[in-house]
Amino acid sequence: MPWFKYGDYLKHCDQPCYDEVLATGSPVAYQGIYQCSRCSGEIAMRPGQRLPEHIECNALGKVGWRLLVFADSKPKWSGTLKNPNWTDDVDT
């Protein structure tokens, strides 16, 4: 299960793409975090990448992958408008 600190950055979405179980080797349509149906391990994928073989899980049977978190890369703020949730304090 993915972990997060700031729940305000996540949105609930009831789209069918979260219900699809994809086979190993399938190309993904959405960028985000996918979870293995056997061990619940997660991986990050970009559109067009093929879901990997999960060697340690193959002995348990067929492995499937499900989209858990969609990563929306479109800018939410533009121009001089500043994201009110962001601070200028950056740890280095």
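The values are calculated or read from the model by the stated rules, or taken from the named source; none is laboratory data. Just so it is clear, the structure is predicted and the values come from calculations on it, not from any experiment. For accessibility, only protein heavy atoms count, side chains too; no ligands or nucleic acids. Shrake-Rupley method; radii C 1.70, N 1.55, O 1.52, S 1.80 Å.
Quick check: with the 1.4 Å probe, what order do V21, V63, V69 take by accessible area, largest first? Spell out each step's value before the answer.
Working: V21 85, V63 10, V69 45 Å².
Most to least solvent-accessible, the answer reads V21, V69, V63.
Arrange the residues E20, E56, E42 by how much accessible surface each exposes, largest first, with a 1.4 angstrom probe.
Working: E20 95, E56 125, E42 70 Å².
Highest to lowest solvent-accessible surface, that is E56, E20, E42.
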